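Data first, discussion second: the structure below is written as C-alpha coordinates.
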Amino acid sequence: MNKKTVRDIDIKGKKVLVRCDFNVPYDENRKITDNRRIVAALPTIKYLIDNNCKVILCSHLGRPKGEVKPEFSLNIVAEELSKLLGKEVKLAKDVVGEDAKNLAANLKEGEVMLLENVRFEPGEEKNDENLSKEFASLAEIYVNDAFGTAHRAHSSTTGVASYLPAVSGFLIEKELNFLGTALENPERPFMAILGGKKVSDKIGVIKALLEKVDVLMIGGAMAYTFFKSMGYEVGNSICELDKLDLAKELMNDAKSKGVKFMLPVDTKVGKEFEPNTESKTVKFTEIPEGWEGFDIGEETIKLYSEELKKAKTVVWNGPLGLFEFDQFAIGTNSIAKILADVDAVKIIGGGDSAAAVEKAGLADKFTHISTGGGASLEFLEGKKLPGIEALQDK
(Lines give C-alpha, C1' and ligand atoms only; values in the text may rest on other atoms or scores of the structure.)
Protein backbone atom coordinates (compact mmCIF):
# COMPACT_ATOMS: atom_id res chain seq x y z
CA MET A 1 0.00 0.00 0.00
CA ASN A 2 2.21 2.81 -1.25
CA LYS A 3 -0.75 5.15 -1.79
CA LYS A 4 -1.59 8.08 0.47
CA THR A 5 -4.68 7.73 2.63
CA VAL A 6 -6.85 10.37 4.30
CA ARG A 7 -4.44 10.15 7.28
CA ASP A 8 -1.54 11.38 5.16
CA ILE A 9 -2.88 14.81 4.17
CA ASP A 10 -4.40 17.80 5.93
CA ILE A 11 -8.17 17.44 5.56
CA LYS A 12 -9.37 19.51 8.54
CA GLY A 13 -12.39 21.65 7.62
CA LYS A 14 -11.94 20.87 3.91
CA LYS A 15 -14.63 20.03 1.38
CA VAL A 16 -14.07 16.37 0.45
CA LEU A 17 -15.59 14.33 -2.38
CA VAL A 18 -15.66 10.62 -1.51
CA ARG A 19 -16.31 7.92 -4.11
CA CYS A 20 -18.01 5.04 -2.27
CA ASP A 21 -19.42 1.74 -3.45
CA PHE A 22 -23.07 1.86 -2.42
CA ASN A 23 -24.13 -0.59 -5.13
CA VAL A 24 -26.32 -2.55 -2.71
CA PRO A 25 -28.99 -5.18 -3.45
CA TYR A 26 -32.64 -4.23 -2.82
CA ASP A 27 -36.04 -5.89 -3.26
CA GLU A 28 -39.06 -4.95 -5.38
CA ASN A 29 -40.27 -2.60 -2.58
CA ARG A 30 -36.88 -0.81 -2.73
CA LYS A 31 -35.85 -2.12 0.68
CA ILE A 32 -32.10 -2.71 0.97
CA THR A 33 -31.53 -6.45 1.55
CA ASP A 34 -27.83 -6.25 2.47
CA ASN A 35 -26.23 -3.02 3.73
CA ARG A 36 -22.67 -4.37 4.10
CA ARG A 37 -21.21 -2.07 1.46
CA ILE A 38 -22.68 0.99 3.21
CA VAL A 39 -21.38 -0.16 6.60
CA ALA A 40 -17.92 -0.77 5.06
CA ALA A 41 -17.70 2.93 4.10
CA LEU A 42 -18.51 4.26 7.59
CA PRO A 43 -14.96 4.38 9.06
CA THR A 44 -13.81 6.80 6.34
CA ILE A 45 -16.99 8.92 6.52
CA LYS A 46 -16.83 9.16 10.33
CA TYR A 47 -13.14 10.09 10.22
CA LEU A 48 -13.97 12.98 7.86
CA ILE A 49 -16.87 14.13 10.06
CA ASP A 50 -14.61 14.02 13.14
CA ASN A 51 -12.15 16.26 11.28
CA ASN A 52 -14.90 18.80 10.55
CA CYS A 53 -14.86 18.13 6.82
CA LYS A 54 -17.74 19.03 4.55
CA VAL A 55 -18.46 15.58 3.15
CA ILE A 56 -19.81 14.97 -0.36
CA LEU A 57 -20.41 11.29 -1.08
CA CYS A 58 -20.98 9.74 -4.52
CA SER A 59 -21.64 6.26 -5.88
CA HIS A 60 -23.36 4.30 -8.62
CA LEU A 61 -26.27 1.90 -8.15
CA GLY A 62 -27.17 -0.70 -10.77
CA ARG A 63 -26.83 -0.05 -14.49
CA PRO A 64 -28.94 2.93 -15.55
CA LYS A 65 -26.63 3.34 -18.59
CA GLY A 66 -26.40 7.14 -18.58
CA GLU A 67 -30.12 7.80 -18.14
CA VAL A 68 -32.03 9.15 -15.14
CA LYS A 69 -34.13 6.21 -13.90
CA PRO A 70 -35.98 6.61 -10.58
CA GLU A 71 -35.64 2.88 -9.79
CA PHE A 72 -31.86 3.44 -9.55
CA SER A 73 -32.07 6.51 -7.31
CA LEU A 74 -29.75 6.63 -4.30
CA ASN A 75 -32.59 7.84 -2.03
CA ILE A 76 -32.63 4.42 -0.32
CA VAL A 77 -28.90 4.79 0.40
CA ALA A 78 -29.33 8.31 1.81
CA GLU A 79 -32.01 6.99 4.21
CA GLU A 80 -29.85 4.06 5.35
CA LEU A 81 -26.80 6.31 5.80
CA SER A 82 -28.81 8.83 7.82
CA LYS A 83 -29.84 5.99 10.16
CA LEU A 84 -26.33 4.58 10.48
CA LEU A 85 -24.67 7.97 11.06
CA GLY A 86 -27.44 9.32 13.30
CA LYS A 87 -27.56 12.51 11.25
CA GLU A 88 -29.30 13.65 8.09
CA VAL A 89 -27.57 12.87 4.80
CA LYS A 90 -29.05 15.19 2.18
CA LEU A 91 -29.53 13.71 -1.28
CA ALA A 92 -28.95 16.00 -4.25
CA LYS A 93 -31.60 15.84 -6.99
CA ASP A 94 -28.86 15.53 -9.62
CA VAL A 95 -25.21 14.48 -10.01
CA VAL A 96 -23.33 17.69 -10.88
CA GLY A 97 -26.29 19.95 -11.70
CA GLU A 98 -27.73 22.99 -9.98
CA ASP A 99 -29.06 21.18 -6.93
CA ALA A 100 -25.78 19.33 -6.28
CA LYS A 101 -23.80 22.57 -6.65
CA ASN A 102 -26.12 24.52 -4.31
CA LEU A 103 -26.05 21.83 -1.63
CA ALA A 104 -22.26 21.54 -1.90
CA ALA A 105 -21.79 25.32 -1.72
CA ASN A 106 -23.90 25.57 1.46
CA LEU A 107 -22.49 22.51 3.22
CA LYS A 108 -21.28 23.22 6.77
CA GLU A 109 -18.41 21.54 8.61
CA GLY A 110 -19.37 18.05 9.79
CA GLU A 111 -22.33 17.83 7.39
CA VAL A 112 -22.79 15.05 4.84
CA MET A 113 -24.51 15.05 1.46
CA LEU A 114 -24.88 12.44 -1.27
CA LEU A 115 -24.90 13.08 -5.01
CA GLU A 116 -27.48 11.26 -7.11
CA ASN A 117 -26.39 8.07 -8.95
CA VAL A 118 -23.20 8.96 -10.90
CA ARG A 119 -24.24 6.60 -13.71
CA PHE A 120 -27.23 8.85 -14.48
CA GLU A 121 -24.56 10.90 -16.28
CA PRO A 122 -23.78 9.55 -19.77
CA GLY A 123 -20.14 10.66 -19.41
CA GLU A 124 -19.43 8.67 -16.21
CA GLU A 125 -18.56 5.30 -17.75
CA LYS A 126 -16.74 6.99 -20.65
CA ASN A 127 -14.44 8.79 -18.18
CA ASP A 128 -15.55 12.07 -19.77
CA GLU A 129 -13.13 14.91 -19.04
CA ASN A 130 -15.80 17.59 -18.62
CA LEU A 131 -17.74 15.47 -16.15
CA SER A 132 -14.51 14.78 -14.22
CA LYS A 133 -13.92 18.56 -13.99
CA GLU A 134 -17.52 19.06 -12.78
CA PHE A 135 -16.94 16.51 -10.00
CA ALA A 136 -13.69 18.25 -9.06
CA SER A 137 -15.38 21.67 -8.94
CA LEU A 138 -17.52 20.51 -6.00
CA ALA A 139 -14.64 19.86 -3.58
CA GLU A 140 -11.03 20.51 -2.54
CA ILE A 141 -9.92 16.92 -1.98
CA TYR A 142 -10.89 13.61 -3.58
CA VAL A 143 -11.02 10.32 -1.65
CA ASN A 144 -11.56 6.98 -3.38
CA ASP A 145 -13.01 4.33 -1.08
CA ALA A 146 -14.79 2.23 -3.71
CA PHE A 147 -12.68 -0.91 -4.14
CA GLY A 148 -15.54 -2.61 -6.00
CA THR A 149 -15.11 -0.20 -8.93
CA ALA A 150 -11.34 0.35 -8.68
CA HIS A 151 -10.80 -1.75 -11.82
CA ARG A 152 -12.94 0.68 -13.88
CA ALA A 153 -11.58 3.93 -15.32
CA HIS A 154 -14.66 6.15 -14.91
CA SER A 155 -15.03 9.90 -14.26
CA SER A 156 -15.79 9.41 -10.55
CA THR A 157 -13.08 6.76 -10.01
CA THR A 158 -10.08 8.02 -12.02
CA GLY A 159 -10.95 11.12 -14.06
CA VAL A 160 -11.62 13.40 -11.09
CA ALA A 161 -8.26 12.39 -9.54
CA SER A 162 -6.47 14.41 -12.24
CA TYR A 163 -7.98 17.66 -10.93
CA LEU A 164 -7.85 17.30 -7.13
CA PRO A 165 -5.39 15.95 -4.55
CA ALA A 166 -6.46 12.28 -4.55
CA VAL A 167 -6.00 9.77 -1.71
CA SER A 168 -7.55 6.48 -0.57
CA GLY A 169 -10.06 5.87 2.17
CA PHE A 170 -9.73 3.20 4.87
CA LEU A 171 -11.66 0.53 2.97
CA ILE A 172 -9.34 0.57 -0.04
CA GLU A 173 -6.37 0.64 2.35
CA LYS A 174 -7.74 -2.45 4.11
CA GLU A 175 -8.41 -4.29 0.84
CA LEU A 176 -4.92 -3.64 -0.52
CA ASN A 177 -3.28 -4.58 2.78
CA PHE A 178 -5.07 -7.93 3.03
CA LEU A 179 -4.89 -8.91 -0.63
CA GLY A 180 -1.37 -7.51 -1.01
CA THR A 181 0.05 -9.31 2.04
CA ALA A 182 -1.61 -12.57 1.01
CA LEU A 183 0.12 -12.38 -2.35
CA GLU A 184 3.48 -10.89 -1.44
CA ASN A 185 4.23 -12.49 1.87
CA PRO A 186 1.80 -15.31 2.70
CA GLU A 187 2.16 -17.66 5.64
CA ARG A 188 2.53 -21.15 4.18
CA PRO A 189 1.04 -23.51 3.17
CA PHE A 190 -0.73 -21.00 0.90
CA MET A 191 -3.82 -22.46 -0.78
CA ALA A 192 -6.29 -21.07 -3.28
CA ILE A 193 -9.80 -22.29 -4.07
CA LEU A 194 -11.18 -21.22 -7.42
CA GLY A 195 -14.76 -21.82 -8.50
CA GLY A 196 -17.18 -20.23 -10.91
CA LYS A 197 -18.36 -21.03 -14.41
CA LYS A 198 -15.56 -20.55 -16.85
CA VAL A 199 -11.86 -21.23 -17.08
CA SER A 200 -11.66 -18.29 -19.50
CA ASP A 201 -12.77 -15.87 -16.72
CA LYS A 202 -9.97 -17.10 -14.47
CA ILE A 203 -7.04 -17.83 -16.82
CA GLY A 204 -5.05 -14.83 -15.59
CA VAL A 205 -5.77 -15.61 -11.95
CA ILE A 206 -4.85 -19.28 -12.27
CA LYS A 207 -1.57 -18.36 -14.02
CA ALA A 208 -0.74 -15.72 -11.40
CA LEU A 209 -1.61 -18.01 -8.48
CA LEU A 210 0.48 -20.91 -9.86
CA GLU A 211 3.50 -18.64 -9.29
CA LYS A 212 2.59 -18.20 -5.61
CA VAL A 213 0.48 -20.98 -4.07
CA ASP A 214 1.37 -24.42 -2.72
CA VAL A 215 -2.06 -25.91 -3.48
CA LEU A 216 -4.73 -24.91 -6.01
CA MET A 217 -8.22 -26.42 -5.72
CA ILE A 218 -10.69 -26.18 -8.57
CA GLY A 219 -14.48 -26.34 -8.20
CA GLY A 220 -17.55 -24.94 -9.92
CA ALA A 221 -18.47 -25.48 -13.55
CA MET A 222 -14.96 -24.78 -14.81
CA ALA A 223 -13.88 -28.20 -13.48
CA TYR A 224 -15.70 -29.88 -16.40
CA THR A 225 -13.44 -28.20 -18.96
CA PHE A 226 -10.47 -29.80 -17.15
CA PHE A 227 -12.19 -33.23 -17.12
CA LYS A 228 -12.92 -32.99 -20.83
CA SER A 229 -9.30 -32.02 -21.53
CA MET A 230 -8.29 -35.28 -19.80
CA GLY A 231 -10.47 -37.21 -22.25
CA TYR A 232 -13.54 -37.83 -20.07
CA GLU A 233 -17.17 -37.24 -21.07
CA VAL A 234 -18.98 -34.47 -19.15
CA GLY A 235 -22.61 -34.97 -20.29
CA ASN A 236 -24.47 -31.65 -20.52
CA SER A 237 -22.12 -29.88 -18.09
CA ILE A 238 -20.84 -26.41 -18.94
CA CYS A 239 -17.64 -26.98 -20.89
CA GLU A 240 -15.46 -24.62 -22.97
CA LEU A 241 -14.38 -26.78 -25.88
CA ASP A 242 -12.06 -24.04 -27.16
CA LYS A 243 -10.13 -24.04 -23.86
CA LEU A 244 -9.17 -27.75 -23.62
CA ASP A 245 -5.54 -27.18 -24.66
CA LEU A 246 -5.29 -24.32 -22.21
CA ALA A 247 -6.65 -26.53 -19.39
CA LYS A 248 -3.97 -29.14 -20.16
CA GLU A 249 -1.31 -26.43 -20.24
CA LEU A 250 -2.39 -25.10 -16.82
CA MET A 251 -2.21 -28.58 -15.29
CA ASN A 252 1.27 -29.09 -16.77
CA ASP A 253 2.32 -25.67 -15.48
CA ALA A 254 1.24 -26.66 -11.98
CA LYS A 255 3.22 -29.88 -12.22
CA SER A 256 6.40 -28.14 -13.37
CA LYS A 257 6.10 -25.55 -10.57
CA GLY A 258 5.48 -28.19 -7.90
CA VAL A 259 1.98 -26.88 -7.13
CA LYS A 260 -0.55 -29.48 -5.96
CA PHE A 261 -3.40 -29.05 -8.48
CA MET A 262 -6.62 -30.56 -7.11
CA LEU A 263 -9.71 -31.34 -9.16
CA PRO A 264 -12.98 -32.84 -7.88
CA VAL A 265 -12.96 -36.66 -7.68
CA ASP A 266 -16.76 -36.87 -7.74
CA THR A 267 -19.58 -34.61 -8.81
CA LYS A 268 -23.27 -34.14 -8.07
CA VAL A 269 -25.20 -34.19 -11.34
CA GLY A 270 -28.78 -33.19 -12.14
CA LYS A 271 -31.22 -33.97 -14.94
CA GLU A 272 -32.36 -30.38 -15.51
CA PHE A 273 -31.42 -26.83 -14.54
CA GLU A 274 -34.17 -26.77 -11.88
CA PRO A 275 -34.03 -26.36 -8.08
CA ASN A 276 -35.73 -29.72 -7.43
CA THR A 277 -34.38 -31.73 -10.33
CA GLU A 278 -33.50 -35.39 -9.88
CA SER A 279 -29.84 -35.66 -8.81
CA LYS A 280 -27.14 -38.20 -7.92
CA THR A 281 -23.42 -38.27 -7.16
CA VAL A 282 -21.04 -39.97 -9.59
CA LYS A 283 -17.28 -40.30 -10.07
CA PHE A 284 -15.86 -37.51 -12.21
CA THR A 285 -14.93 -40.13 -14.82
CA GLU A 286 -18.51 -41.42 -15.07
CA ILE A 287 -20.76 -38.43 -15.76
CA PRO A 288 -23.77 -39.92 -17.60
CA GLU A 289 -24.95 -38.67 -20.96
CA GLY A 290 -27.77 -36.10 -20.68
CA TRP A 291 -26.91 -35.13 -17.06
CA GLU A 292 -25.25 -31.91 -15.96
CA GLY A 293 -22.71 -31.40 -13.17
CA PHE A 294 -23.88 -28.86 -10.57
CA ASP A 295 -21.75 -29.38 -7.44
CA ILE A 296 -18.73 -31.15 -5.99
CA GLY A 297 -19.49 -34.53 -4.38
CA GLU A 298 -19.00 -35.84 -0.82
CA GLU A 299 -15.60 -37.44 -1.55
CA THR A 300 -14.29 -34.15 -2.95
CA ILE A 301 -15.60 -32.26 0.09
CA LYS A 302 -13.68 -34.70 2.34
CA LEU A 303 -10.52 -34.49 0.23
CA TYR A 304 -10.52 -30.66 0.04
CA SER A 305 -11.39 -30.33 3.74
CA GLU A 306 -8.46 -32.51 4.84
CA GLU A 307 -6.10 -30.44 2.70
CA LEU A 308 -7.49 -27.07 3.90
CA LYS A 309 -6.99 -28.01 7.55
CA LYS A 310 -3.21 -27.70 6.93
CA ALA A 311 -3.46 -24.22 5.37
CA LYS A 312 -2.03 -21.04 6.87
CA THR A 313 -3.28 -18.69 4.12
CA VAL A 314 -6.34 -19.30 1.94
CA VAL A 315 -7.75 -17.20 -0.90
CA TRP A 316 -11.17 -18.27 -2.17
CA ASN A 317 -12.85 -16.88 -5.26
CA GLY A 318 -15.99 -18.34 -6.84
CA PRO A 319 -18.61 -20.83 -5.58
CA LEU A 320 -17.99 -24.57 -5.92
CA GLY A 321 -21.45 -25.38 -7.26
CA LEU A 322 -24.79 -23.93 -8.27
CA PHE A 323 -25.24 -22.50 -4.76
CA GLU A 324 -28.46 -20.65 -5.66
CA PHE A 325 -30.24 -24.05 -5.60
CA ASP A 326 -30.16 -25.56 -2.09
CA GLN A 327 -29.42 -29.14 -3.17
CA PHE A 328 -26.34 -27.95 -5.09
CA ALA A 329 -25.11 -25.54 -2.39
CA ILE A 330 -23.76 -28.35 -0.21
CA GLY A 331 -20.20 -28.24 -1.59
CA THR A 332 -19.84 -24.48 -1.19
CA ASN A 333 -21.45 -24.47 2.28
CA SER A 334 -19.42 -27.45 3.53
CA ILE A 335 -16.12 -25.88 2.48
CA ALA A 336 -17.20 -22.56 4.05
CA LYS A 337 -17.96 -24.35 7.36
CA ILE A 338 -14.64 -26.22 7.32
CA LEU A 339 -12.73 -23.02 6.55
CA ALA A 340 -14.56 -21.17 9.33
CA ASP A 341 -12.73 -23.40 11.84
CA VAL A 342 -9.30 -23.39 10.17
CA ASP A 343 -6.71 -21.27 11.97
CA ALA A 344 -5.37 -19.32 8.99
CA VAL A 345 -5.57 -16.01 7.16
CA LYS A 346 -8.73 -16.54 5.10
CA ILE A 347 -9.66 -14.14 2.33
CA ILE A 348 -12.84 -14.33 0.28
CA GLY A 349 -12.55 -12.54 -3.06
CA GLY A 350 -15.96 -10.89 -3.25
CA GLY A 351 -18.82 -11.72 -5.60
CA ASP A 352 -20.69 -15.03 -5.34
CA SER A 353 -18.32 -16.65 -2.86
CA ALA A 354 -18.86 -13.70 -0.49
CA ALA A 355 -22.65 -14.03 -0.97
CA ALA A 356 -22.45 -17.76 -0.19
CA VAL A 357 -20.47 -17.20 3.02
CA GLU A 358 -22.91 -14.45 4.05
CA LYS A 359 -25.88 -16.72 3.32
CA ALA A 360 -24.33 -19.45 5.47
CA GLY A 361 -23.97 -16.94 8.34
CA LEU A 362 -20.20 -17.45 8.55
CA ALA A 363 -18.88 -14.04 7.45
CA ASP A 364 -17.43 -13.19 10.88
CA LYS A 365 -15.24 -16.33 10.77
CA PHE A 366 -13.17 -15.02 7.87
CA THR A 367 -10.21 -12.66 8.09
CA HIS A 368 -11.36 -10.54 5.18
CA ILE A 369 -14.25 -10.57 2.73
CA SER A 370 -13.45 -8.37 -0.23
CA THR A 371 -16.09 -5.87 -1.31
CA GLY A 372 -15.03 -6.15 -4.96
CA GLY A 373 -15.42 -9.35 -6.97
CA GLY A 374 -14.01 -8.13 -10.28
CA ALA A 375 -11.48 -5.81 -8.65
CA SER A 376 -10.12 -8.49 -6.32
CA LEU A 377 -9.76 -10.91 -9.27
CA GLU A 378 -7.80 -8.37 -11.28
CA PHE A 379 -5.67 -7.57 -8.24
CA LEU A 380 -4.91 -11.29 -7.71
CA GLU A 381 -3.97 -11.44 -11.37
CA GLY A 382 -1.41 -8.72 -10.79
CA LYS A 383 -3.18 -6.19 -12.99
CA LYS A 384 -2.97 -2.50 -12.17
CA LEU A 385 -6.31 -1.06 -11.01
CA PRO A 386 -6.92 2.38 -12.59
CA GLY A 387 -8.86 3.65 -9.54
CA ILE A 388 -5.84 2.92 -7.34
CA GLU A 389 -3.18 4.01 -9.83
CA ALA A 390 -4.77 7.48 -10.02
CA LEU A 391 -4.15 8.15 -6.29
CA GLN A 392 -1.11 9.99 -4.91
CA ASP A 393 1.91 7.91 -3.87
CA LYS A 394 3.21 8.15 -0.33
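Results for (1) assigned by TED's automatic domain parsing to the domain that holds Ile193; (2) surrounded by fewer than 23 Cβ atoms within 10 Å (Cβ to Cβ); (3) on the phi > 0 side of the Ramachandran plot; (4) modelled with pLDDT of 85 or more, shown as yes or no for each residue.
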position: Phe323; (1), (2), (3), (4): yes, no, no, yes
position: Ala329; (1), (2), (3), (4): yes, yes, no, yes
position: Lys359; (1), (2), (3), (4): yes, yes, no, no
position: His368; (1), (2), (3), (4): yes, yes, no, yes
>> I'd like to verify a number: residues in segment 281-307 that are loosely packed, with under 12 Cβ neighbours inside 10 Å and over 19 Å from Cys239 (Cβ atoms), how many?
In response: 1
>> Here's a check for you: in segment 105-149, which residue that is among the β-branched types (Val, Ile, Thr) and in a helix (DSSP H, G or I) is modelled with the highest pLDDT?
In response: Val118
>> If I go through segment 104-149 residue by residue, how many of them are surrounded by 24 or more Cβ atoms within 10 Å (Cβ to Cβ), among the acidic types (Asp, Glu) and out of contact with any helix residue (DSSP H, G or I) (no Cβ under 7 Å at 6 or more places or on another chain)?
In response: 1
> Here is a list of conditions, (1) part of a strand (DSSP E or B); (2) farther than 17 Å from Ile141 by Cα, and Ile56 meets all of them except one; can you say which number that is?
Replying inline: (2)
> In segment 260-273, is there at least one residue being part of a helix (DSSP H, G or I), assigned by TED's automatic domain parsing to the domain that holds Thr332 and more than 28 Å from the chain's Cα centre (by Cα)?
Replying inline: no
>> For segment 65-104, which positions are part of a loop (DSSP other than H, G, I, E, B) and touching a Lys or Arg at 6+ places or on another chain (Cβ under 6 Å)?
In response: none
> Given the conditions (1) free of Cβ contacts under 8 Å to residues at least 12 places away in the same chain; (2) in a loop (DSSP other than H, G, I, E, B), and given that Asp364 satisfies all but one, which numbered condition is not satisfied?
Replying inline: (2)
>> Return the residues of segment 183-197 that are within 25 Å of Arg37 (Cα to Cα) and buried (at least 24 other Cβ atoms within 10 Å of the Cβ); say none if nothing qualifies.
In response: Ala192, Ile193, Leu194, Gly195
>> Tell me the residue from Ala192, Ala182 that is closer than 26 Å to Cys20 by Cβ and either in contact with a helix residue (DSSP H, G or I) (Cβ under 7 Å, 6 or more places away or on another chain) or in a helix (DSSP H, G or I) (or both), please.
In response: Ala182
> So Tyr224 clears everything in (1) surrounded by fewer than 21 Cβ atoms within 10 Å (Cβ to Cβ); (2) at pLDDT 95 or above; (3) part of a helix (DSSP H, G or I) except one condition, right? Which one?
Replying inline: (1)
> Of all residues in segment 232-256, which are more than 28 Å from Phe273 (Cβ to Cβ), basic (Lys, Arg) and within 28 Å of the chain's Cα centre (by Cα)?
Replying inline: none
> Cβ-Cβ below 6 Å, separation at least six or inter-chain, first residue in segment 297-316 and polar (S, T, N, Q), second in a helix (DSSP H, G or I): which pairs?
Replying inline: Ser305/Ile338; Thr313/Ala182
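The values are calculated or read from the model by the stated rules, or taken from the named source; none is laboratory data. As the structure is a prediction and not an experimental result, all values here were calculated from the model. When we count neighbours, we look across all protein chains shown, and the Cβ atoms used for this are built from the backbone with ideal geometry, even at glycine.
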